[in-house]
Amino acid sequence: MPARKLYFESIRVGDELPALAKAPVDRVQLSRYAGASGDYNPVHVDELYAKSVGMPSVYAPGMLVMGMLGQLISDWARGGQMRRYNVRFIKMVWPGDTVVCKGRVSNRHGTAGRYFVDIDLWAENQRGELVMKGGAQIQLFYSLEDENRQRSGQSPIVIEVPRESLAAAPATSTGGGSSEASAVDEEADERLTGASSKKTVPREKPAAKTATLPSAKKPKK
Amino acid sequence: MLDKNAIGRASPPTLNEVEKGAIRRFAEAIGDYNPIYYDEEYARASGYPTIIAPPTFPASFHSAADLRELLGVGIKSLLHAEQGFDYERPIFAGDRIYVSTRVADVSERQGMSGKMDIAVIEDEGRDEEGNLVFRARRTLVVRASKETP
């Protein structure tokens, strides 16, 4: 039996996705990911090579961590269709690191029988440091009734839902995947140089899991 | 500084056949055991024609592009800074997807440790009828100031 599906009607701006703590990354996983993705960049699988270019060890490809954060979304949005998914890689993930994936609904709207939620996403390591952040847009059926109607060839339920957003939500996840390389900044540069002095405090917590309306405050970073 | 002439360079579409075993191994490597990636029956009961691929699966697709050649950067190191996907529909087992790659932009930025070259690479996946399936957008930092590793 498929798991219970998620419908638009039950989602509120400010809802938190259940955090997903992944098993610690190890070198076997890095090899498996290299094989599965076809990306055999030796900095991810060859310890001697990684050290020869100044790294303390091999490290996880950003796409593996993006895959973990993708699992957070698909676990939550069962029955939904991912429309957009963007991330920025901020800190390297090393063997032994535990990635914890988190997310929060930042926006919801519906028009012409199509319903969308936007999610702010981020991943932390076991020290609470931000390793990746991003956003996704999911399209959902309004309700079980809407799904049943559409699957039987009827027209969708049409309810105009004006856009509701988290107050002061950053625009990181809503650029349609087409924003220029604007977000590459010191953080990426920090990752580039391997510096790790700048501690990133865990992202702000939303006011409450039960926040129902856009009044849910989101402190600026 | 990267060659601005690289902008617009593209590779011809390359066929990628989406195999069930490849989907399973990709999901396993992520440690994602959602049955929608493994179990045909479960996927159909969830409203899909067959098993689907995880959202980052296009990372495993091949294209004819040799990035270093497209960018003209020799063996300088490329650091992946950002990644984005836009999806028209899920990717299904059995799909035959043609992937092409093009250089969307190159630019130079001032970072904390000196100048960085930035390249934006776009991949596009289309089905055999030519319908768009996904677009992917990679932002790469090309290490400009360091010795080649």
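Quick check on my link table: of A:K51/B:K4; A:K51/B:K115; A:K22/A:K133; A:K5/A:K102; A:K102/B:K20; A:K51/B:K20, which ones sit more than 26 Å apart, alpha carbon to alpha carbon? Over 26 Å Cα-Cα: A:K51/B:K4; A:K102/B:K20; A:K51/B:K20.
Once you have a ≥ b ≥ c as the square roots of the Cα gyration tensor eigenvalues for segment B:2-61, tell me rounded if a/c is under 1.5, and otherwise prolate or oblate according to whether a/b is larger than b/c.
Working: a/c = 3.31, a/b = 2.46, b/c = 1.35.
Prolate, because a/c is 1.5 or more and a/b exceeds b/c.
Compute the Cα gyration tensor for chain B, then decide on rounded, prolate or oblate, letting a ≥ b ≥ c be the square roots of its eigenvalues: rounded whenever a/c is under 1.5, prolate when a/b is larger than b/c in the other cases, and oblate in all that remain.
Because a/c hits 1.5 or more and a/b exceeds b/c, chain B counts as prolate.
Summing +1 for each Lys or Arg and -1 for each Asp or Glu among the other residues whose beta-carbon sits under 15 angstrom from that of B:E128 gives -3. Largest mean-square fluctuation among B:G31, B:G125, B:G74, in a Gaussian network model of chain B whose springs join Cα atoms under 10 Å apart, belongs to B:G31.
Taking Cα atoms only, the orientation of helix B:20-30 departs from the longest principal axis of chain B by about 60 degrees.
Gaussian network model of chain B, Cα springs within a sub-10 Å range: biggest mean-square fluctuation belongs to which of B:E129, B:E40, B:E82? Comparing B:E129, B:E40, B:E82 in a Gaussian network model of chain B, the most mobile one is B:E129.
Applying the Karplus relation 6.51 cos²θ - 1.76 cosθ + 1.60 with θ = phi - 60° to segment A:101-118 yields 3J(HN,Hα) values of 9, 9, x, 8, 6, 10, 6, 9, 7, x, 8, 6, x, 10, 10, 10, 10, 9 Hz, where x marks Gly and Pro.
With the cut-off at 1.5 for a/c, could you classify segment B:78-135 from its C-alpha gyration tensor as rounded, prolate or oblate? Let's see the in-between values first.
Details: a/c = 3.91, a/b = 2.87, b/c = 1.36.
Verdict is prolate for segment B:78-135.
Bear in mind these aren't lab numbers, they're just calculated from the coordinates by the rules spelled out. In this text the structure is predicted, and so the values were computed from the model without any measurement. Using ideal geometry, Cβ is built from the backbone for each residue, glycine included, and neighbour counts are taken over all protein chains shown.
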